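Following: one structure in structure tokens, then a few remarks.
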Amino acid sequence: MSAPAPSLFSPAAKAMAEKLGLKMGRANLDEFAATLLELAKADRNVLAVTSDSRGSGKLGPFAQALPKQLIEVGIAEQNLVGITAGLAACGKKSFGVSPACFLATRALEQIKNDICYSDVPATLIGISAGVSYGALGSTHHSLHDLAALRAINNITILVPADNFETREAIRAAAKSSSPVYVRFGKAAMYDLLSPAAKFQVGKARTLRDGKDVAFIATGETVVHALLAAGKLAETGLNCRVISVPTVKPLDVETVLKAGRECRAIITIEEHSVHGGLGEACASVLMQSSVNVPFKIVGLPDEDNVTGAQADIFRHYGISMESLSETAMKVLQRAKATA
């Protein structure tokens, strides 16, 4: 039996989570599967299509409960996208579920032509995204999907941070009249938001206000930004934390507001530093002539290290401790250029 994966959170980070009143939820992927099953039980037109991925996609209970609403295509991602597109074109609410590392590469042409350019209301679920596959290494890391799909017209890209955002994202995707891509990791996530909080596609969510550093983060990196803000508050710094569940279309208004009101901006993503959330925010700021000290935290353009997700996060500075240090350095730069 293999050893359990190391925790994404250090003892100090767990203590800060408790101080902030955060409660540990389940993996967003589990929340996705439960939400999809709930929708499918209520509507027989909701279908799941998998590429030998019902297990990793947590769709075992779905297949057992609703076997006629699940289609298995085997390890054939291009076929998965084509079938998902065809079902959507016929009026079904189809969800194609496959590992993000393969879905956004092997089937990129089918995503572009069969779904986006054909404008069918299909939803693609990229599972085990980012570095969720850990020690399986670069072939199984998905550090490119946001960059590739952002460049294609007519697709909404959702990257939920916690169980609440996950439920709302899947419900919104089921109602969408245009293509949607939703990205999930595998780790259990703290619940960051009140169940009464509103969720809207295309809108970012300000989890904590402040005017020193603005952390703008997406997906499983958001909680680390929130913990870093808590740690920095102990030193007298008030940091804004913005969750971006919709990477495309980006909430331009919220990004510009942060750039105009805060002393510095740090973006955080479980993705390459090229072509993802960070570069999208930088483009918005530069094109609006908003000049503010800016740092993208993500995976650099190199042969990335191999290891558990937690080890990779810490190596590349995605942790409460590292983000706190990064914020201090960026603020020093801001002070020097003031």
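Since every read-out is calculated from the coordinates, none of them should be taken as a lab result. Predicted model, so just to flag it, every value in this text is computed and none were measured. Every residue, glycine as well, gets a Cβ built from its backbone with ideal geometry; the counts of neighbours run over all protein chains shown.
Take the cross-link list K112/K175; K68/K198; K175/K211; K19/K58; K198/K329 and give me the ones stretching past 26 Å between alpha-carbons. Over 26 Å Cα-Cα: K68/K198; K175/K211; K19/K58; K198/K329. Each Lys and Arg contributes +1 and each Asp and Glu -1, all at the Cβ; summed about the Cα centre of the chain, the dipole is approximately 760 debye.
State to the nearest 20 debye the size of the charge dipole of the range 25-191 about its Cα centre, where the only charges are +1 on K and R beta carbons and -1 on D and E beta carbons. Please report the intermediate quantities before stating the final value.
Values: 16 positive and 15 negative charges, 51 e Å.
The dipole magnitude comes to about 240 debye.
How would you rank H224, H274, going from fewest to most other Cβ atoms within 10 Å of each one's own Cβ? Don't skip to the answer; put the middle values down first.
Numbers: H224 26, H274 16.
The order, fewest Cβ neighbours first, is H274, H224.
Sort 104-111, 325-332 for me by packing, meaning the mean count of neighbouring Cβ atoms within 10 Å per residue, highest on top.
On the way: 104-111: 19.5, 325-332: 17.2.
By packing density, highest mean first, the sequence is 104-111, 325-332.
Could you tally the net charge around A13, taking each other residue with its Cβ under 12 Å from the Cβ of A13, Lys/Arg +1 and Asp/Glu -1? Intermediate values should be presented prior to the final figure.
Working: positive: K14, K19, K231, R314; negative: E18, E321.
Result for the neighbourhood of A13: +2.
What is the gain in length, in nm to one decimal, between L256 and A12 on full extension, counting 0.36 nm per residue of separation less the C-alpha to C-alpha distance?
Details: separation 244, 0.36 × 244 = 87.84 nm, distance 3.25 nm.
My answer for the length gained is 84.6 nm.
Summing +1 for each Lys or Arg and -1 for each Asp or Glu among the other residues whose beta-carbon sits under 12 angstrom from that of S53 gives -1. Placing pseudo-labels 7 Å out from each Cα toward the beta carbon at K211 and K175 gives an inter-label distance of 3.6 nm.
Suppose R0 equals 51 Å; then what is the FRET efficiency for D43 and K335 from their Cβ-Cβ distance, rounded to the nearest 0.05? Mind showing how you got there, number by number?
Values: r = 56 Å, r/R0 = 1.09.
Calculated transfer efficiency: 0.35.
Can you tell me the relative contact order of the chain? Whole percent, Cα pairs under 8 Å, sequence separation 6 or more. Can you show the working numbers first?
Numbers: 716 pairs, mean separation 59.5, N = 338.
This gives 18 percent for the chain.
Which helices of the chain meet both criteria: a Cα extent of 20 Å or more along the helical axis and a mean Kyte-Doolittle score no lower than 0.0, with helices taken as whole DSSP H segments? Numbers along the way, then the final one.
Values: long enough: 28-42 (21 Å, 0.44); 320-337 (26 Å, -0.27).
Result, helices passing both filters: 28-42.
Please give the peptides 82-92, 119-129, 236-246 ranked by average Cβ packing (other Cβ atoms within 10 Å per residue), highest first, as a rough proxy for protection. Show your work: numbers first, answer last.
Values: 82-92: 19.2, 119-129: 25.8, 236-246: 22.5.
In descending order of packing, they fall as 119-129, 236-246, 82-92.
Over all other residues within a Cβ to Cβ distance under 15 Å of A147, the charged ones net out to -1, with Lys and Arg as +1 and Asp and Glu as -1.
With R₀ set to 22 Å, the beta-carbon distance separating S138 from D52 gives a calculated FRET efficiency near 0.55.
Taking neighbour Cβ counts within 10 Å as the exposure measure, how do L20, L47 sort from fewest upward? Numbers along the way, then the final one.
Numbers: L20 17, L47 22.
In increasing order of surrounding Cβ atoms, one gets L20, L47.
Suppose we keep just the DSSP beta bridges with both residues in the chain; what percent of those would be antiparallel, to 5? That works out to approximately 20 percent antiparallel.
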